[in-house]
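The values are calculated or read from the model by the stated rules, or taken from the named source; none is laboratory data. Owing to the predicted nature of the structure, the values given are computational and were not obtained by experimental measurement. Positions of Cβ are generated from backbone atoms using ideal geometry, with glycine treated the same way; all protein chains shown enter the neighbour counts.
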Amino acid sequence: MLVTGRRHQFALPIAQSLGFGLWLISSNGAVTRSTEGEIFHRDLLPAATARDLIALMEPFRGNLVLTFDREGKGALVLEKTEELSSHIQRWIENNLQYIDFVVPIEKALAADPIQAMFCGAIARMQEAEERLRAAPLAERITVLKTRYDARDLVIIDVLNHDCSKGHALERWASHRGLGREEVMAIGDNYNDVEMLEFAGVPVIMGNARQDLKQNGWRVTLSNEHSGVAAAVQEVLFG
């Protein structure tokens, strides 16, 4: 399986390039769907929770993107790009056909979103994360973080309570009748932790932050040296 923080539609070309049908866990565990479009599970963020979240995170409104499980324009909703473009300009350009601008962004919540995403500099997003985790709302949501030091970028994804790559992978394994000892997972960032903790064979990429390599997980090569292939080969063939 491909397990990613990206939207299903954004990850689909990567999956299709492999040349065979498979399942994807996308949006950090919120959606499990095949390359043919068959849905196994969706775990959406309730619109009422999203409204409370936006109110709580008012100082970070300019860093906010809402993601919806739909194709075409409106799959991504934001109010403006000024604060986002300095950090994820390439992402904005690649997703422009899916972006709808809604002011105020609460008007887009006629349906439940997949998630809310806050993007910005490391120091700014540290403030956002502290605000999220200290609020009573924390009991109704899952807060996941992806950090890229070289780009001074942190992405904070806010999903429904108990929604993560780990929960989604566990659900899929149970559906297939697999025990955790039969599951191998490979990751490289903080939003992979729950998935790696579930897997019986957890592998961390060589390019991951040093603190993630201190959990006793097997360390493979970096993503610049085919670390995924090396990990799979080692497990299959020794």
Those residues that are surrounded by fewer than 19 Cβ atoms within 10 Å (Cβ to Cβ) and small (Gly, Ala, Ser), I need them from region 50-75; list them, please.
ALA55, GLY62, GLY72, GLY74
Exactly one condition in (1) of a type outside the set (A, V, I, L, M, F, W, C); (2) farther than 20 Å from ALA11 by Cβ; (3) part of a loop (DSSP other than H, G, I, E, B); (4) at pLDDT below 95 is false for GLU71; which is it?
(2)
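Check every one of the strands (runs of 3 or more DSSP E) wholly within region 1-57 and list those with 2 or more residues that are under 13 Å from the mean Cα position of the chain (by Cα) and of a type outside the set (Val, Ile, Thr).
Result: 23-26.
With of a type in the set (Val, Ile, Thr) and touching a helix residue (DSSP H, G or I) at 6+ places or on another chain (Cβ under 6 Å) as the only criterion, which of THR35, THR67 stands out?
Selected residue: THR35, the only one of THR35, THR67 that is of a type in the set (Val, Ile, Thr) and touching a helix residue (DSSP H, G or I) at 6+ places or on another chain (Cβ under 6 Å).
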Go through ALA55, ALA110 for me and flag whichever is more than 23 Å from THR4 (Cβ to Cβ), assigned by TED's automatic domain parsing to the domain that holds ARG151 and in contact (Cβ under 8 Å) with a residue 60 or more places away in the chain.
ALA110
Among the residues of region 159-177, count how many are charged (D, E, K, R), free of Cβ contacts under 8 Å to residues at least 60 places away in the same chain and either assigned to a helix (DSSP H, G or I) or crowded, with 24+ Cβ neighbours inside 10 Å (or both).
1
Just to be sure, is ILE39 over 24 Å from PHE118 (Cα atoms), β-branched (Val, Ile, Thr) and either touching a Pro at 6+ places or on another chain (Cβ under 8 Å) or not assigned by TED's automatic domain parsing to the domain that holds ASN189 (or both)?
yes
So in region 89-102, with the set limited to residues that are over 20 Å from TYR148 (Cβ atoms) and aromatic (Phe, Trp, Tyr), which one is surrounded by the most Cβ atoms within 10 Å (Cβ to Cβ)?
TYR98
Checked pairs for region 147-158, first outside the structural domain of MET117 (by TED's automatic domain parsing), second surrounded by fewer than 17 Cβ atoms within 10 Å (Cβ to Cβ) and aromatic (Phe, Trp, Tyr), C-beta under 9 Å and 6 or more apart or across chains, list as none
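Pick from region 25-51 the residues that are of a type in the set (D, E, K, R) and touching a strand residue (DSSP E or B) at 6+ places or on another chain (Cβ under 9 Å): which of them is nearest to SER164 (Cα to Cα)? Before you say what the answer is, go through the steps one by one.
At the first step, the residues of region 25-51 found to be of a type in the set (D, E, K, R) are 33, 36, 38, 42-43, 51.
Restricting the remaining residues to those that are touching a strand residue (DSSP E or B) at 6+ places or on another chain (Cβ under 9 Å) gives 33, 38, 42-43.
Numbers: ARG33: 15, GLU38: 20, ARG42: 11, ASP43: 9 Å.
Looking at the filtered set, the residue picked out is ASP43.
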Among the residues of region 178-196, what is the count of those that are in a loop (DSSP other than H, G, I, E, B) and touching a Lys or Arg at 6+ places or on another chain (Cβ under 7 Å)?
1
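Let's see how each residue does on (1) buried (at least 19 other Cβ atoms within 10 Å of the Cβ); (2) in contact with a helix residue (DSSP H, G or I) (Cβ under 8 Å, 6 or more places away or on another chain); (3) modelled with pLDDT under 95; (4) in a loop (DSSP other than H, G, I, E, B):
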site	(1), (2), (3), (4)
VAL77	yes, yes, no, no
HIS87	yes, yes, yes, no
PRO113	yes, yes, no, yes
PHE118	yes, yes, no, no
VAL143	no, yes, no, no
ALA150	no, no, yes, no
Between ALA208, ALA168, which is farther than 17 Å from LEU2 by Cα and either touching a strand residue (DSSP E or B) at 6+ places or on another chain (Cβ under 8 Å) or assigned by TED's automatic domain parsing to the domain that holds ALA116 (or both)?
ALA208
